[in-house]
Amino acid sequence: MPVLSQSIVWETDYPTALSKAQKDNKILVIYFNNGQSPNIERVIKKRILKSDEFKNNSNSIVGLLIEDANNNEKHRYNSRVISSYNKNKVFPAITAVRFKTRNYLPLLTKFEDANIELFLNEFKDLSN
């Protein structure tokens, strides 16, 4: 399992992450990353994944790392996640879903300060 931030369990398999999030009523954070934008990835890790909002709710989060979809059996479900949550296939991007309330955050694809702050405020509301 990848380590992207402290205390959050990150999965790379959608069915596993979905099961954990639903079973324990946790927020599923979906991070789409293809490794092509290291500067933006650093911003995501530093400003979002290591933010106080994420640290304070780390026990209520299941992370799902979706890497660029491959056409093999292992990534079959992950490509469905891309189709559902990242229709334009923008990498890197991040969103969050709370299945119990059926609430989700809009996909964050622009990582300017104002957009990050809005995302973190919406995440805070989602986690309450």
Quick check: anything in region 81-90 within 17 Å of THR16 (Cα to Cα), of a type in the set (A, V, I, L, M, F, W, C) and modelled with pLDDT of 95 or more? no
Residues of region 88-116 being more than 13 Å from the chain's Cα centre (by Cα) and closer than 18 Å to PHE54 by Cβ, in sequence order, are ASN103, PHE111, ASP113, ASN115, ILE116
Restricting to region 32-80, name every residue that is modelled with pLDDT of 90 or more and within 13 Å of ASP13 (Cβ to Cβ). VAL62, GLY63, LEU64, LEU65, ILE66
Mind counting the residues in region 87-128 that are surrounded by fewer than 17 Cβ atoms within 10 Å (Cβ to Cβ) and aromatic (Phe, Trp, Tyr)? 1
Within region 11-34, residues being among the acidic types (Asp, Glu) and under 11 Å from the mean Cα position of the chain (by Cα) number 1
Regarding VAL81, is this residue touching a residue at least 12 places away in the same chain (Cβ under 8 Å) and surrounded by 17 or more Cβ atoms within 10 Å (Cβ to Cβ)? yes
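The values are calculated or read from the model by the stated rules, or taken from the named source; none is laboratory data. Here the structure is a predicted model, which is why all the values come from computation and not from measurement. Every residue, glycine among them, receives a Cβ derived from its backbone with ideal geometry; neighbour counts consider all protein chains shown.
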